[in-house]
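Every number in this text was worked out from the coordinates using simple rules, so none of it is lab data. Keep in mind it's a predicted model, so treat the numbers as computed, not measured. Note: ideal-geometry Cβ built from the backbone for every residue, glycine included; neighbour counts use all protein chains shown.
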Amino acid sequence: MREALRFDGKILSAKVFSKGSRWFVSIAVEIAKITTATKKTGKQTGIDLGITNLISLSDGITVKAPKPLKTKIKKLKRLSRQLSRKQKGSNNRAKAKAKLSRLHLQISNIRKDALHKLTTGLVSEYDVIAIENLNTKGMMQNRKLSRAIGDLGFYEFKRQLVYKANQYGKTVKELDRWYPSSKTCSNCGHLLDKAELPLSVRQWQCPSCQQAHDRDINASINILHHADKVLTHH
């Protein structure tokens with residue numbers, strides 16, 4: 001190997017595999033439990049996962065979604081068309097397949113990198129992070145949402161957040177998926193019905209207390225206040 005192993009410990013196994021026409025080795029190392037307890041900040045936040053913004057936080061911060069798939073989708077379509085025109089079993093088909101495979105790997109790496117930076121930043125900044133239990137499977141069946149959701153990696157976002165919070169000694173809480181976080185006024189608790197708040201409406205005013213709301217920020221405040229299932233285990 002050209003690089004030193006990042007972890008000291010007993011090497012259990014090594015798996016060699018190819019991805020995007022490149023070769024990798026994955027090495028399993030047995031190590032003692034890693035806990036990097038960081039300084040407490042005394043801050044907590046609720047997170048609303050979206051499509052326009054990847055996340056909206058209850059303190060008003062929004063983070064735009066990294067959309068590698070959107071910028072590379074034309075190239076992806078072009079390469080897919082080229083591949084389908086190549087004769088099966090030919091050298092040209094094998095080359096086109098490798099090109100497409102490399103592009104898929106590139107997209108995956110951009111997405112993972114963006115999510116790692118985001119989740120590390122969140123667990124460093126906040127002691128308590130509240131998220132929603134999203135019905136990702138149900139959302140994936142909606143064709144308009146499915147590409148955006150696949151591209152944003154909602155499931156991967158939650159997975160990274162929980163394991164990093166465990167490592168940093170922070171807490172992640174989850175809100176029940178049926179709680180109407182978008183339709184409830186975070187100021188007075190007034191509940192709108194579905195017809196009053198279609199998905200296209202991003203700003204609204206509570207008819208009961210007159211509070212003006214940004215749809216996603218209001219949802220994230222409700223997520224922070226009502227999340228009660230603790231996902232971290234320290």
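Would you kindly calculate the mean projected area, averaged across all directions, of the convex hull enclosing the Cα atoms of segment 1-122, in square nanometres?
With the hull built on Cα positions only, its mean projection is 11.9 nm².
Out of Ser13, Ser186, Ser220, any idea which swings most in a Gaussian network model of the chain, alpha carbons joined below 10 Å?
Result: Ser13 has the largest fluctuation of those listed.
Can you sort Trp178, Trp204 by how many other beta carbons sit within 10 Å, fewest first?
Going from least to most buried by this count: Trp178, Trp204.
State which entries of Lys75/Lys158; Lys39/Lys229; Lys75/Lys97; Lys70/Lys95; Lys173/Lys194; Lys43/Lys64 exceed 18 angstrom in Cα-Cα distance in the structure shown.
Lys75/Lys158; Lys39/Lys229; Lys70/Lys95; Lys173/Lys194; Lys43/Lys64
GNM on the chain, C-alpha springs below 10 Å: top fluctuator among Leu191, Leu105, Leu12?
Highest fluctuation of the listed residues: Leu12.
Compute the Kirkwood hydrodynamic radius of the chain, taking the inverse of the mean of 1/r over all pairs of distinct Cα atoms, and give it in Å to one decimal.
20.6 Å
What angle do you read, to the nearest 10 degrees and between 0 and 90, between the alpha-carbon axis of helix 154-168 and the longest principal axis of the chain?
80 degrees
Angle check, please: helix 215-226 long axis (alpha carbons) against the longest principal axis of the chain (alpha carbons), in degrees 0 to 90, nearest 10.
Value to nearest ten degrees: 80.
Assuming R0 = 22 Å, can you tell me the calculated FRET efficiency for the pair Lys99 and Arg6, based on Cβ-Cβ distance, to the nearest 0.05?
So the FRET efficiency works out to roughly 0.10.
GNM, the chain, Cα, under 10 Å: largest mean-square fluctuation among Asn222, Asn166, Asn91?
With Cα springs under 10 Å in the chain, the top fluctuation among Asn222, Asn166, Asn91 is at Asn91.
Using packing as a proxy for protection, rank 2-9, 43-50, 115-122, 194-201 so that the peptide with the highest average count of other Cβ atoms within 10 Å comes first.
43-50, 115-122, 194-201, 2-9
Any idea what angle helix 143-152 forms with the longest principal axis of the chain, computed on alpha-carbon atoms, 0 to 90 degrees, nearest 10?
70 degrees
With +1 on each Lys and Arg Cβ and -1 on each Asp and Glu Cβ, and nothing else charged, work out how big the dipole of the chain is about its Cα centre, in Debye to the nearest 20.
2340 debye
Positive end of the charge dipole of the chain (Lys, Arg +1 and Asp, Glu -1 on Cβ, about the Cα centre): tell me which of Gly121, Asn92, Asn133 has its Cα farthest that way.
Looking along the dipole axis, the top candidate is Asn92.
Express the relative contact order of the chain as a whole percentage, based on alpha carbon pairs under 8 Å and six or more residues apart in sequence.
Over the chain, the number comes to 24 percent.
Can you tell which of Asn222, Trp204, Tyr155 lies farthest toward the positive end of the dipole of the chain, using +1 and -1 charges on the Cβ of basic and acidic side chains (Lys, Arg; Asp, Glu)?
Working it through, the farthest residue towards the positive pole turns out to be Tyr155.
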